[in-house]
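A.B. asks: My structure is below; once you've seen it, I'll send some questions.
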């Protein structure tokens, strides 16, 4: 059964500007918030957001309509933010105290296959979580919902939301390390530790 989002993605892949606008409207606020959590500078976050959606448009034919665009945007925006932080740190433009990921080792230049591989690994790990933890993880990381919003939506306490999120991150790190040892050095593992 094709969902509404899958139909929008198919239209987007065919070059529909209207479908692209729908995806932008649906995801841009959450993507911006995740970027801002990392870079903490409004102008940088806005530039990265535009870059991420430019990359999405340029790679529209490679998108898997069966997968959530939110996952793709989450991974790509993370890597673009990290690259920007490292560049600014080298240029000494952003004070080191403002960086939350400055101690991560330099990564090689990444292409869309790299992004795709990380998205697949993350999706596989998340799909092995119990359903209630999957929902918490996806709402927090992919839809940028607050603890209170998730608690209300899922009829949980805020403490339960935080506990499930902590357990989910721990499980994902262990799952990736055990099933994809080649990915242990990748920043995917850091991706699931962002508060």
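A.B. asks: How many residues are more than 18 Å from residue 34 (Cα to Cα) and buried (at least 18 other Cβ atoms within 10 Å of the Cβ) if we restrict to region 137-155?
C.D. replies: Residues flagged as more than 18 Å from residue 34 (Cα to Cα) and buried (at least 18 other Cβ atoms within 10 Å of the Cβ) within region 137-155 amount to 1.
A.B. asks: Just the residues that are in a helix (DSSP H, G or I), within 26 Å of residue 56 (Cβ to Cβ) and over 14 Å from the mean Cα position of the chain (by Cα), please, taken from region 126-158.
C.D. replies: Of everything in region 126-158, those that are in a helix (DSSP H, G or I), within 26 Å of residue 56 (Cβ to Cβ) and over 14 Å from the mean Cα position of the chain (by Cα) turn out to be 127, 134, 135, 136, 149, 150.
A.B. asks: Inspect region 94-106 for any residue being at pLDDT 85 or above, farther than 28 Å from residue 171 by Cβ, outside any helix (DSSP H, G or I) and out of contact with any helix residue (DSSP H, G or I) (no Cβ under 6 Å at 6 or more places or on another chain) and give the result as yes or no.
C.D. replies: No: region 94-106 contains no residue that is at pLDDT 85 or above, farther than 28 Å from residue 171 by Cβ, outside any helix (DSSP H, G or I) and out of contact with any helix residue (DSSP H, G or I) (no Cβ under 6 Å at 6 or more places or on another chain).
The values are calculated or read from the model by the stated rules, or taken from the named source; none is laboratory data. Since the model is a prediction, treat every value here as computed from it, not as a measurement. Here Cβ is always computed from backbone atoms with ideal geometry, including for glycine, and neighbour counts include all displayed protein chains.
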